[in-house]
1. DSSP beta bridges in the chain, what fraction antiparallel, as a percent rounded to 5?
2. How big is the antiparallel share of DSSP beta bridges in the range 268-357, given as a percent to the nearest 5?
3. Please list, in chain and number order, the residues 5+ apart from residue 55 or on another chain whose amide H is under 5 Å from its amide H, with Hs placed from the backbone.
4. With a cut-off of 20 Å, note down the residues of the range 292-318 whose backbone N falls inside the zone around a label point 7 Å from the Cα of residue 332 toward its beta carbon.
5. Would you please give the residues with an amide H less than 5 Å from that of residue 313, counting only those at least 5 places away or on a separate chain, with H modeled from the backbone geometry?
6. How far is it, in nm, from the label point at residue 310 to the one at residue 359 when both lie 7 Å from their Cα along the line to the Cβ?
7. Please identify every one of the trypsin sites (Lys or Arg not before Pro) in the range 225-299 that sits in a loop by DSSP and has no more than 10 other beta carbons within 10 Å of its own beta carbon.
8. Rounded, prolate or oblate: which one fits the range 114-215, using the alpha carbon gyration tensor with axes a ≥ b ≥ c (rounded when a/c is under 1.5, else prolate when a/b beats b/c, else oblate)?
Amino acid sequence: MNEETTLSSGYPWVKWQQAWLDEGLAQTRRMLHLPLVWNRAQRIKKGATPSEVIYEEDRLKLLHYRDSEPPRYRTPLLFVYALVNRPYILDLKPGRSVVANFVNRGFDTYLVDWGVPTHADRHLTLDDYINGYLVNVVDYLCERTGLPQINILGYCMGGTMSAMFTALHPKRLKNLLLLAAGIDFATRDGLLNLWTRSEYFDVDKFIEAFGICPAEFLQASFLLLNPVQNLLEKPINFYQNADNEQYLDDFLTTEMWLNDNIPVAGEVFREFVKYLYQQNLLTQNRMPVGKHIVNLRNITCPIMNIMARNDDLVPCAQSTTFNDLVSSKDRQSIIFPAGHIGLAIGSKAQKEVWPQVCDWLAKRS
């Protein structure tokens, strides 16, 4: 058989042998690397930017990110993350850190770590988080800096809560930035909006049974938002890149965070599902937070609304209407071709989105 001999498919025999050999060698390299993955996973660090805890209340901790140079902009910037995950996704690793973008540009940067609720925290409400903890953090920052206002960047559920806070306490905000934040829950885009409909999900019975929303329930729900990618494509891609050091580092760091879910206080979960997903009260200016009713028209500060076009968790349709519901005259939006997490840590977002957002905030600080 010579080099011109072909199989029935027409593929040259020698080239087929070479391809078979190359793939065999690649498989061997991957297999040899697999035992090293566990050791590598143990060395993954949480957070990339130096920080210190400067305020604590119950389970909440307020982190201040340190820089070698004094901040260029005096108005403090506070990151407010969701209650359903750990906040270090915003400072995941060098080169993939939203926090680092702002610190390096000279912003005085802080982050709220809500902590991990236990069954004893099951009665905590949105009022406790927004008019309690968040008000106390903002008061502390204003006292610390001697300024009457701060900037807030709220991500996901933290963005929804930040919008409520701003509407209830508009004089405390200089600028509001929302990152993949759900506001209008009337849309039927996205599986969460379907699964949480009142005819399918009795949130009262759920919380009565569990007290708090279990972390395992949340994690399973997030996985099933895109089962093909999460349960099939991801393991295949991992195996095919088991010998790629850079891929492994990015993969393991992200997976550590994705599997680091925390429970949610029962009453907060109940309010979020019932008042937002099922009744969409926020866009109607009828959202109750304790004794208060949230009216988004009270928001007058500059707005930056950042959305991910391919977001499975918070579809753009849930966020785009926010700019039309506030009274702010300075309203801008960015819709970027990424997913919910990629909008924060993706390499393209780091190069194209966050420098632009830093420029926007710098002009207003």
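Read-outs throughout are calculated quantities, based only on the coordinates presented, and are distinct from any laboratory measurement. Remember, predicted model here, so these are calculated numbers, not experimental data. Reconstructed Cβ throughout: ideal geometry from the backbone, glycine too, with neighbour counts over all protein chains shown.
1. Rounded to the nearest five, the antiparallel share is 40 percent.
2. 35
3. Correct list: 62.
4. 299-309
5. Amide H neighbours of residue 313, under 5 Å, 5+ apart: 340.
6. It is 2.5 nm.
7. Numbers: sites: 270, 274, 286, 291, 297; in loops: 286, 291.
Filter output for the range 225-299: 291.
8. Values: a/c = 2.95, a/b = 1.57, b/c = 1.89.
The shape class here is oblate.
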